[in-house]
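Okay, structure first, notes after.
The values are calculated or read from the model by the stated rules, or taken from the named source; none is laboratory data. Note that the structure is predicted; figures quoted are calculated from it, not measured. Quick reminder, even Gly has a Cβ in these numbers, built from the backbone with ideal geometry, and neighbours come from all protein chains shown.
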Amino acid sequence: MPSTIKVEIKRQSSPDAAPVTEKFEIPYRPGMNITSVLGEIALNPVDVTGKQTTPVTYDSNCLEEICGSCAMLINGKAAMACSALVDKLTGPSKDQTITLAPLSKFPIVRDLAVDRSVLFENLKKVKAWVPIDGTYDLGSGPKQAPQIQEQRYPLSNCISCCCCMEVCPQFNLSTSFVGAATIAQTKLFNMDPSGSVLKEDRLRALSGDGGIQECSFAQNCVMTCPKELPLTEAISDMGRDVFIQKVKDLFTR
Ligand code: SF4
Ligand code: SF4
Ligand code: FES
């Protein structure tokens, strides 16, 4: 077992500052994940040359791959810091340097923290919610067939981490493509017995600029999603529904 591990972190002190790389060598403990590595640096923020530095800024909350906030590039791949285990990242001889960098397609806030509000804006575009009046007790909602529940449940596991957008060749901040997570949530809410009241609005939102036609079906998203959402199936299904909606609108609007 190694007594220390090597970590290289791309840091940026503010949105406009130039990025710098800092190297650390920190004590190894079995079972460490990247969040505990960053915690170790926060306890003793001294780089490999002995120079005092500052704790690394990053987002995290649940520490169990539920909140989606700790997404970053770990050894060059979009992943969650809280579920990325050091033992799997340092290679068989455990001496490989671990590299950490912020997601590359989102504005930097500081160090490894980025602004992912574009996803929330995209979810607003497709009305990714069930429109109910919560001011009084509506009783139990309409029943859902078990087959529908089975299709909806995996889609409800999205943690809004944005990893699917980071790896998507069609997504960047200069295009308006909404990305796979938003398309998947459109399917989730369109299949909800109460949420389906907004189905046509959602499909029309996906048929315009930045909509589903901009997906090149490269499938990087489905291979990266930490929650293994059935993204390619959702994209195909929504592509079909958007097409049907367009044809309907052609004859009725
Ligand atoms: S299939 Fe490819 S282009 Fe479409 S959302 Fe996924 S990664 Fe992006
Ligand atoms: S679809 Fe997967 S990768 Fe994309 S935001 Fe949701 S959980 Fe993250
Ligand atoms: S801290 Fe919540 S997903 Fe990692």
Quiz item: Which one of these is under 19 Å from Val118 (Cβ atoms), aliphatic (A, V, I, L, M) and at pLDDT below 95: Leu206, Leu138, Leu173?
Solution: Leu173
Quiz item: Restricting attention to region 200-222, which residues are of a type in the set (A, V, I, L, M), touching a residue at least 40 places away in the same chain (Cβ under 8 Å) and either outside the structural domain of Glu166 (by TED's automatic domain parsing) or within 11 Å of ligand 1 (Cβ to nearest atom) (or both)?
Solution: Ala218, Val222
Quiz item: Which condition number in (1) part of a loop (DSSP other than H, G, I, E, B); (2) of a type outside the set (Asp, Glu); (3) more than 26 Å from the chain's Cα centre (by Cα) is the one that Lys23 fails?
Solution: (1)
Practice problem: For Thr35, indicate whether it is in a loop (DSSP other than H, G, I, E, B) and either of a type in the set (Val, Ile, Thr) or over 15 Å from Leu112 (Cβ atoms) (or both). | Solution: no
Quiz item: Is it the case that region 147-157 has a residue that's at pLDDT 95 or above and in a loop (DSSP other than H, G, I, E, B)?
Solution: yes
Self-check item: Residue check, Ser104 over 15 Å from the mean Cα position of the chain (by Cα) and assigned by TED's automatic domain parsing to the domain that holds Ala17
Solution: no
Quiz item: What do you reckon, is Val109 in a strand (DSSP E or B), away from ligand 2 (no atom under 16 Å from the Cβ) and out of contact with any strand residue (DSSP E or B) (no Cβ under 7 Å at 6 or more places or on another chain)?
Solution: yes
Self-check item: Hey, Thr252 surrounded by 18 or more Cβ atoms within 10 Å (Cβ to Cβ), among the hydroxyl-bearing types (Ser, Thr, Tyr) and farther than 30 Å from Gly134 by Cβ or not
Solution: no
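Condition first: touching an Asp or Glu at 6+ places or on another chain (Cβ under 9 Å), over 21 Å from Asn220 (Cα atoms) and modelled with pLDDT of 95 or more. Can you find one or more residues in region 118-131 that meet it? Walk me through it before giving the result.
Kept after step one, since they are touching an Asp or Glu at 6+ places or on another chain (Cβ under 9 Å), are these residues of region 118-131: 126-127, 130.
Next, only the ones that are over 21 Å from Asn220 (Cα atoms) stay: 126-127, 130.
Checking the rest, the ones that are also modelled with pLDDT of 95 or more come to 126-127.
Yes, the conditions are met somewhere in region 118-131.
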Quiz prompt | Search result, residues across region 57-96 that are touching a Pro at 6+ places or on another chain (Cβ under 8 Å), part of a loop (DSSP other than H, G, I, E, B) and either aromatic (Phe, Trp, Tyr) or at pLDDT 95 or above (or both) | solution = Glu65, Ser83
Practice problem: Considering only region 82-131, state which residues are small (Gly, Ala, Ser) and out of contact with any Phe, Trp or Tyr (no Cβ under 8 Å at 6 or more places or on another chain). | Solution: Ser83, Ala84, Gly91, Ser93, Ala101, Ser104, Ser117
